[in-house]
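The values are calculated or read from the model by the stated rules, or taken from the named source; none is laboratory data. From a predicted model like this one, the values you see are computed outputs, not experimental measurements. Every residue, glycine among them, receives a Cβ derived from its backbone with ideal geometry; neighbour counts consider all protein chains shown.
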Amino acid sequence: MSLTEELPDVSSASDFTLLEGLYQLTVTGHTKDWEFERLNNAVYERLMSTYSSSDTAGVHAVHSLVD
């Protein structure tokens, strides 16, 4: 099974599954691939939708660390 087949569908995946996929790509060194970008964006969007705009300063800081 290829790495792409193991990645979750971001629209229906749980938060844990998205984070696990992001972690696995990081561990294997695939941080420059489109799969990593897709999962990173999905995790970021979920964080942004979870926290109010007044609490997003910390989220922006975390996202900038990944970029």
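Which ranges mark the helices (runs of 4 or more DSSP H) fully within the chain that have 2 or more residues being among the β-branched types (Val, Ile, Thr) and modelled with pLDDT of 85 or more?
By residue number, 15-27.
Which residues, taken from the stretch 10-47, are among the aromatic types (Phe, Trp, Tyr) and surrounded by fewer than 15 Cβ atoms within 10 Å (Cβ to Cβ)?
Matches in the stretch 10-47: PHE16, TYR23, TRP34.
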